[in-house]
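Here the structure comes first, spelled out in structure tokens, and everything after it is commentary.
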Amino acid sequence: QVQLVESGGGLVQAGGSLRLSCAASGSILSFNAMGWYRQAPGKQRELVATIHSGGATNYADSVKGRFTISRDNAKNTVYLQMNRLKPNDAAVYYCNRMIMDRNTLKPAGSWGQGTRVTVSS
């Protein structure tokens, strides 16, 4: 139904910044939440940041204070501003819509290609 396209990744030095974008083909307000996930080599995909339909946000402890999730409803786009990047932030970053399933927010759509973030030390 809704196609999500991530962009904005690249190579940055430790301490640098990137802003990722997630463009949706439909209204992002149609879902309980939108989330940014990442998967590093040898690790499971993890939820990094969430923005709920009402605007509330949540972050993984590892990125709290450094990353900010936001949205532009008119553009159907969700952003992830990443500051003070660390080498262990390197991963492929994905966005996905989230729905409530058995009282737990879970990714609901198919996973796209994501956008790769590489952090050099």
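The values are calculated or read from the model by the stated rules, or taken from the named source; none is laboratory data. None of the values given here were measured: they were computed from a predicted structure. Cβ placement follows ideal geometry from the backbone for every residue including glycine, while neighbour counts extend to all protein chains displayed. Please note that ligands, DNA and RNA were not included when accessible areas were found on the heavy atoms of the full protein model with its side chains. Shrake-Rupley method; radii C 1.70, N 1.55, O 1.52, S 1.80 Å.
If you count, for each residue, the other Cβ atoms within 10 Å and average over each peptide, how do 112-120, 54-62, 67-75 line up from highest to lowest?
112-120, 67-75, 54-62
Averaged over its residues, the chain has an accessible area of 55 Å² per residue, based on protein heavy atoms and a 1.4 Å probe. Its relative contact order, with pairs defined as Cα atoms under 8 Å and 6+ residues apart, puts the chain at 35 percent.
Site pair residue 52 and residue 121 shows an inter-label distance of 3.7 nm when each label is modelled 7 Å from Cα along Cα→Cβ. Placing +1 on each Lys and Arg Cβ and -1 on each Asp and Glu Cβ, with no other charges, gives the chain a dipole about its Cα centre of roughly 140 debye. Only protein atoms count toward the accessible area here, which uses a 1.4 Å probe; on the chain, the carbon and sulfur part of that area reaches 43 percent. Charge tally around residue 34: other residues with Cβ under 15 Å, Lys/Arg +1 each, Asp/Glu -1 each, net +3.
Treating r as the C-beta distance of residue 14 and residue 81 and R0 as 22 Å, the FRET efficiency rounds to 0.85. The residue 74 and residue 100 beta-carbon pair, evaluated with R₀ = 25 Å, returns a calculated FRET efficiency of approximately 0.50.
If you add up the charges near residue 116, with Lys and Arg at +1 and Asp and Glu at -1, over every other residue whose beta carbon is less than 12 angstrom from its beta carbon, what do you get?
Result for the neighbourhood of residue 116: -1.
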